[in-house]
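Report on the following structure.
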């Protein structure tokens, strides 16, 4: 599981730390930097999964572009950035810090990439990471040298490669023969980063037939194909859960939701539901006739129910297109399913109804993105660390703080 994201010279950030908890809420005004945080997570997931760095930033036929592409990745006028992800080990006592530094001009290259290991019983923010598990560095001849050094063993094991690095070397470490303990450590880091999943439902794409699929696309265009391809027992369980939660939507009485294979060869699928607006009046419709709100809810639910345990689910503007009356149901879904399936969730939102539905217990896990009034650089501040927060919270609900601009005024005075 991810515990922290660190941004250095990334887009609008000079330096920022984002703690990641079972449910983390990122708020802030437009252009404050929220999307830049989300894109940092998406970028490191792409390169650790094996994507070329330039394609991960600029996009290709299979990937959408990170906003600004290569040109906008580093804080101007700089030409390099560093992203770090703190990963919790399997024993809950060991942390691993993955770091990658990338140059964007005059050409793209990895300047440094490493993972540090630290047995940790204290607050990780106060820990330095002097020992390293493996490290990559750019030599004076422009060739990447990789060495793996295991500090908790009696001998050092060097691994050297000579080639121009275009992506993360973590993916290569999967096939290198290490001891079982080291392999477990490497896989813990890799799996935690690979399991970052940015959810961005595009409703229009969800209305079409989709091919049978093993995993959900970020735009959820293949939602029907994922559900239809599940093993029978899992499919019944997932669709039953979808139906139970979707019945509570305020816009109508949806009795059941399911997907089924269609076509002569059964390689495509469509999403269906049964509505009962009046007693005894049953209507069966497919995704082409479902409301945008229903489809968006189904996308969020399906991601929670089908992603592997230990995933980091990222949902930007989670309330987009949803009526405020659905806020409490959405919060219940996030908490219940996220906790049950051990999926951590990062959401961004502007919705005061959703913030109020989260309640006072969410306050320690709310992070505010904002701009420094002098430099214009983005910053991340824990909500409860804002000056006079106790007075603010005594006067406003969390939702009112955002709508009345109380948070921004306090931050401005702090600056």
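Name the residue that is farthest from residue 194 (Cα to Cα), counting only residues in the range 52-77 that are touching a strand residue (DSSP E or B) at 6+ places or on another chain (Cβ under 8 Å), modelled with pLDDT of 95 or more and outside any strand (DSSP E or B). Among residues in the range 52-77 that are touching a strand residue (DSSP E or B) at 6+ places or on another chain (Cβ under 8 Å), modelled with pLDDT of 95 or more and outside any strand (DSSP E or B), the one farthest from residue 194 (Cα to Cα) is 75.
Identification of strands (runs of 3 or more DSSP E) wholly contained in the range 225-294 with 2 or more residues that are farther than 25 Å from residue 324 by Cα, at pLDDT below 95 and in contact with a strand residue (DSSP E or B) (Cβ under 9 Å, 6 or more places away or on another chain) yields 281-286.
So which residues in the range 65-91 are surrounded by fewer than 20 Cβ atoms within 10 Å (Cβ to Cβ), within 21 Å of the chain's Cα centre (by Cα) and free of Cβ contacts under 8 Å to residues at least 60 places away in the same chain? Correct list: 65, 67, 68, 69, 70.
So, residue 110, is that one without any contact (Cβ under 8 Å) to a residue 60 or more places away in the chain, crowded, with 20+ Cβ neighbours inside 10 Å and either over 30 Å from residue 351 (Cα atoms) or within 16 Å of the chain's Cα centre (by Cα) (or both) or not? Yes; evaluated as a whole, the condition is true for this residue.
Restricting to the range 196-215, give me the number of residues that are part of a loop (DSSP other than H, G, I, E, B) and surrounded by fewer than 20 Cβ atoms within 10 Å (Cβ to Cβ). Selection size over the range 196-215: 9.
If only residues of the range 1-34 that are out of contact with any strand residue (DSSP E or B) (no Cβ under 6 Å at 6 or more places or on another chain) and at pLDDT below 95 are counted, the one that is surrounded by the fewest Cβ atoms within 10 Å (Cβ to Cβ) is 30. Residue 187 falls short on exactly one of the conditions (1) surrounded by 14 or more Cβ atoms within 10 Å (Cβ to Cβ); (2) over 23 Å from residue 20 (Cα atoms); (3) at pLDDT below 95; (4) within 26 Å of the chain's Cα centre (by Cα), and that condition is (2). Using beta carbons and a limit of 9 Å, which pairs, at least six apart or on different chains, have the first residue in the range 318-339 and at positive phi and in contact (Cβ under 8 Å) with a residue 60 or more places away in the chain and the second one assigned to a loop (DSSP other than H, G, I, E, B) and surrounded by fewer than 19 Cβ atoms within 10 Å (Cβ to Cβ)? From the range 318-339, no pairs qualify.
Residues in the range 390-415 that are within 16 Å of residue 356 (Cα to Cα) and either in contact with a helix residue (DSSP H, G or I) (Cβ under 7 Å, 6 or more places away or on another chain) or in contact (Cβ under 8 Å) with a residue 24 or more places away in the chain (or both): 392, 393, 396, 397, 398, 399, 400, 401, 402, 403, 406, 407.
Quick one: would you say residue 357 is buried (at least 19 other Cβ atoms within 10 Å of the Cβ) and without any contact (Cβ under 8 Å) to a residue 40 or more places away in the chain? Taking the combined requirement at face value, the residue satisfies it.
Rundown of residues vs (1) surrounded by fewer than 22 Cβ atoms within 10 Å (Cβ to Cβ); (2) in contact (Cβ under 8 Å) with a residue 12 or more places away in the chain; (3) closer than 24 Å to residue 35 by Cβ, yes/no style:
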{"site": "217", "(1), (2), (3)": "yes, no, yes"}
{"site": "232", "(1), (2), (3)": "yes, no, no"}
{"site": "239", "(1), (2), (3)": "yes, yes, no"}
{"site": "244", "(1), (2), (3)": "yes, no, no"}
{"site": "262", "(1), (2), (3)": "yes, yes, no"}
{"site": "307", "(1), (2), (3)": "yes, yes, yes"}
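For the range 258-273, name all the residues that are touching a helix residue (DSSP H, G or I) at 6+ places or on another chain (Cβ under 9 Å) and over 16 Å from residue 229 (Cβ atoms). Result: 273, single match. Where strands (runs of 3 or more DSSP E) fall wholly inside the range 298-415, the ranges with 3 or more residues that are in contact with a strand residue (DSSP E or B) (Cβ under 9 Å, 6 or more places away or on another chain) and more than 18 Å from residue 16 (Cα to Cα) are 312-315.
Taken residue by residue, the range 398-409 has no member that is within 25 Å of residue 316 (Cα to Cα), exposed (fewer than 13 other Cβ atoms within 10 Å of the Cβ) and modelled with pLDDT of 90 or more. Yes or no: the range 155-167 includes at least one residue that is at pLDDT 80 or above and either surrounded by 16 or more Cβ atoms within 10 Å (Cβ to Cβ) or part of a helix (DSSP H, G or I) (or both). No, the range 155-167 contains no residue that is at pLDDT 80 or above and either surrounded by 16 or more Cβ atoms within 10 Å (Cβ to Cβ) or part of a helix (DSSP H, G or I) (or both). Within the set 339, 311, 373, the sole residue that is more than 11 Å from residue 25 (Cα to Cα) and over 18 Å from the mean Cα position of the chain (by Cα) turns out to be 373.
Within this structure, residue 302 passes the test of being on the phi < 0 side of the Ramachandran plot, under 26 Å from the mean Cα position of the chain (by Cα) and surrounded by 22 or more Cβ atoms within 10 Å (Cβ to Cβ).
The values are calculated or read from the model by the stated rules, or taken from the named source; none is laboratory data. Small disclaimer: the values here were computed from a predicted structure and weren't measured. Cβ coordinates were reconstructed from backbone atoms using ideal geometry, including for glycine residues, and neighbour counts include every protein chain displayed.
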